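All remarks here apply to the structure that follows.
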Amino acid sequence: MEQNTKKSNWLSALIIGICIVASCGAIAFGLLHFKSDSEHTISATGSASIDFEADTIIWRGTYSAWALSSKDAYKKIRKDADRVMDYLLDNDLSEDEIVFNSVDITQNYKENYDDNGNYIGSEPNGYTLTQSVIITSNNVEIVEKISRDISSLLDSGVELTSGSPEYYYSDLDALKLSLIDKASENARERIEIVANNAGAKVGKLKNSNLGVFQITAKNSGTGSYSYDGAFDNTSRYKTATITVRLEYDLK
């Protein structure tokens with residue numbers, strides 16, 4: 001009985017030893033395989049940028065009118081709208097480039113105080129009507145001039161507030177695809193230079209990652225970049241930038 005027990009213990013120890021050796025071998029093989037893969041790949045990040053000019057401009061203006069009755073206020077703001085339209089058409093814009101938004105109506109109240117400065121209530125004090133106009137045009141220079149020079153409208157009694165123009169590019173998708181192509185080519189060239197200097201040859205593409213697409217004002221520098229992608233619409237002259245990271249096997 002004792003001999004059988006010793007034999008059983010010996011077999012158990014042998015099996016455990018074999019398992020340990022096999023596990024160590026598997027781990028060693030895995031580490032060796034991982035090291036081999038990492039030593040036989042090469043990666044680089046390529047970049048591309050292009051300067052371009054916006055071909056679409058959007059400008060917004062807002063004007064308001066006040067009167068004791070909503071009816072009189074509406075008559076005044078309709079007259080102001082006609083003056084704004086005439087001004088824009090006289091500056092070589094077309095009607096399909098001009099959009100008038102709906103009129104917002106606000107009833108005003110006057111706060112009353114007694115002789116001691118105590119608040120005693122409020123009473124209606126007329127109506128203020130507000131309307132905005134939006135210009136969307138490819139005539140960038142004309143709209144820029146309009147946005148800067150609204151003195152004639154102000155002289156005619158139109159209380160117009162001019163916003164800053166916004167600048168866009170109509171074929172942004174084509175521009176982005178062109179940049180991706182150039183950035184990919186740049187990354188590939190960098191990889192080939194490093195591989196050649198190391199006496200290796202570039203194999204198949206293993207992985208690729210597209211970086212963030214950035215549009216900034218021209219000559220603004222990289223400080224205007226953002227993590228999720230800058231998209232400048234305040235500048236007529238812009239710079240678009242993108243990065244592409246490629247990883248290749250080495251032969």
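Just so it is clear, none of the values below were taken in a lab; they were calculated from the coordinates. These numbers were taken from a predicted model, which means no experiment stands behind them.
Based on the Cα gyration tensor of the stretch 56-168, what are the three equivalent ellipsoid semi-axes, each the root of five times an eigenvalue, rounded to whole Å and given largest first? Display every interim value, and only then the final one.
On the way: eigenvalues 245, 40, 28 Å².
Computed over the stretch 56-168, the values are 35, 14, 12 Å.
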Fill in the blank from the handout: Under the rule rounded for a/c under 1.5, else prolate if a/b exceeds b/c, else oblate, using alpha carbon gyration tensor axes a ≥ b ≥ c, the stretch 111-186 is classed as prolate
Problem - Candidate lysines - alpha carbon under 17 Å from LYS218, same-chain residues fewer than 8 apart omitted - result: LYS176, LYS238
Problem - For the stretch 124-140 and the stretch 152-220, distance of Cα centres in Å - result: 34
